[in-house]
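The numbers here are math on the coordinates, done by the rules we state, and not lab data. As the structure is a prediction and not an experimental result, all values here were calculated from the model. Counting neighbours? That spans all protein chains shown, and the Cβs are built from the backbone with ideal geometry, glycine included.
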């Protein structure tokens with residue numbers, strides 16, 4: 001029972017993070033290695049607001065989320081858009097460079113010290129009892145946030161004109177541009193949404209654990225569920241995240257705590273060998289050599 | 001490039017495949033080697049040590065350039081391949097006290113094994129998915145290495161005594177310098193020869209368009225896996241040398257940042273250029289030392305001094321961005337332009353054939 005709760009909470013965080021990889025990949029065919037750093041930056045913005053407002057969540061959460069969205073748009077406009085037409089490998093390296101830049105700026109601004117946003121919260125994170133499982137208010141909130149985010153995303157993609165444009169641009173950018181869709185605006189929106197999700201994950205991750213410039217590695221690890229689910233499937237990340245969370249929690253419980261770090265990657269390598277396009281990705285995406 | 005800037009034209013396949021483009025090229029290379037051999041006799045010991053590190057990095061950068069620059073497959077696992085070589089030495093020497101003539105070949109063999117492990121996804125994957133699988137392989141190797149270290153290395157790492165051949169012990173910066181110079185020369189020779197043979201032409205064809213390459217009868221998967229195997233074997237050797245040179249092996253030394261440093265080397269130096277790998281390795285290894293000097297001498301805010309690593313990596317990122325955006329062919333291209341300028345002087349353009 002406790003295991004199930006742990007798996008669910010981890011799934012929610014992984015799914016929020018991994019969705020960013022999928023959105024960015026769909027929009028610009030780029031694997032963004034800066035995503036972990038963008039998550040870390042979102043966490044720092046949240047922490048700074050929290051300290052500045054004396055723990056006022058109603059102010060700092062919206063500010064952090066809006067900042068996350070704007071940072072995503074800015075990264076696209078400043079770093080990725082000028083390189084349109086370059087080889088994909090170059091653009092991936094640009095995201096790597098942007099990531100390093102964010103990390104070093106964060107270290108210079110906030111220093112390398114480990115921070116605990118949980119201490120700045122206005123309330124104590126109280127544990128609840130359900131059956132024989134223990135979960136906290138934040139766990140519940142992270143589940144709810146992930147649920148709301150995904151419902152919102154599905155509604156956006158499936159029900160609105162904007163979503164149709166986003167799907168069209170993801171499927172065939174050239175055709176979409178020729179049909180009069182401003183694809184740069186759509187791609188910028190995808191980057192913004194991706195970083196919005198990453199910041200949302202950062203709120204919960206940093207309050208649960210801690211915040212330091214090295215938090216980026218946690219965010220980067222979320223590429224595993226994205227790949228397992230399929231890089232171009234927005235809802236594939238949910239089962240992907242569930243699998244990774246399950247593997248991680250079970251490995252920690254029954255095998256060896258050290259296995260937590262390598263188990264997801266072994267699963268990923270296996271998945272890449274057997275089904276490289278992911279559980280729900282389209283097959284044409286990876287052309288056989 | 002078929003012609004030199006001076007208007008030297010190649011007249012047949014034999015000169016196209018020839019090792020020396022012109023007699024002058026041979027003269028300059030030999031002069032450069034002589035200068036490199038004379039370097040430790042007038043340079044301070046500290047800088048010899050820095051150049052030694054650059055030499056080890058050069059072997060790794062040459063190897064990475066084979067996969068990423070020539071074959072066009074972005075490899076994100078380089079740090080893991082270095083770790084594989086370093087840990088081979090760490091385990092063989094730290095636990096069983098094997099001699100160097102066993103550990104270095106072992107590191108090469110392990111490196112080849114890792115190359116097959118990483119290259120096998122190349123049978124099914126291409127482009128960015130292949131890069132991701134190398135990234136996943138890096139995380140697997142890194143976590144296995146740190147796990148091994150925490151179990152058998154006493155948590156901190158393995159101490160490696162200096163390598164010994166017969167009764168001769170390799171120690172001292174200057175001795176290391178000559179050994180490493182010879183190894184770098186060998187690695188350079190290997191890369192140059194690979195690149196002017198049918199293997200190198202197959203790699204270039206795969207880089208430009210893998211479908212077209214396979215249509216021309218090139219076994220794409222075979223050559224891709226081959227590129228990975230040769231590259232990881234060389235990288236693993238570089239990792240083993242690093243272990244011996246620094247006399248210490250620790251999993252904490254092989255972060256993802258190391259991969260990025262090597263990528264920066266070949267990017268700044270020049271993708272698909274042997275000269276570029278050497279220049280890039282030298283440049284990227286020197287950069288942190290130069291930045292440290294600069295920050296100490298010039299009036300920068302105090303936080304810059306306490307977070308030297310952040311300043312260095314930030315500068316790194318900016319350089320990477322600048323080269324990616326403005327000079328994707330790197331220092332080698334800049335050097336080529338400077339050379340062409342002087343060779344053509346007083347004209348600005350090469351004569352039309």
*Could you work out the mean count of beta carbons from other protein chains within 10 Å of each residue's beta carbon in B:303-312?*
3
*Residues of the stretch B:246-262 with amide N under 17 Å of the 7 Å Cα→Cβ point at residue B:174*: none
*Neighbour-count order for B:265, B:325, fewest beta carbons within 10 angstrom listed first*: B:325, B:265
*Extension reserve of the residue B:198-residue B:339 stretch, reckoned as 0.36 nm per residue once the Cα distance is removed*: 47.9 nm
*Apply 1/(1 + (r/R0)^6) to the Cβ-Cβ distance of residue A:74 and residue A:279, taking R0 = 30 Å, and write down the FRET efficiency to the nearest 0.05.*
0.40
*Take B:78, A:35, B:198 and order them by how many other Cβ atoms sit within 10 Å, fewest up front.*
B:198, A:35, B:78
*In nm, to one decimal, how far is the residue A:114 label point from the residue B:36 one, both placed 7 Å along Cα→Cβ?*
4.5
_10 Å Cβ neighbours from other chains, averaged over peptide B:130-142_ = 6
*Take the alpha-carbon centre of the stretch B:137-196, take the same for the stretch A:152-193, and report the distance between them in whole Å.*
50
*For peptide A:101-113, compute the average count of partner chain beta-carbon atoms within 10 Å of each residue's beta-carbon.*
4
*Distance from the Cα centre of the stretch A:13-27 to that of the stretch A:98-135, in angstrom?*
21
*asked:* Classify the stretch B:42-344 from the C-alpha gyration tensor, please: rounded if a/c falls under 1.5, else prolate or oblate depending on whether a/b exceeds b/c.
replied: rounded
*Give me B:68, B:188 ranked fewest to most by other Cβ atoms within 10 Å of their Cβ, as a rough exposure proxy.*
B:188, B:68
_Rounded FRET efficiency, nearest 0.05, which uses the C-beta distance separating residue B:156 from residue A:172 and R0 of 51 Å_ = 0.40
*asked:* Order A:18-31, A:65-78, B:44-57 from most to least packed using the mean count of other Cβ atoms within 10 Å.
replied: A:18-31, A:65-78, B:44-57
*Taking the alpha-carbon centroid of each part, what is the distance from the stretch B:38-66 to the stretch A:195-257 in angstrom?*
40
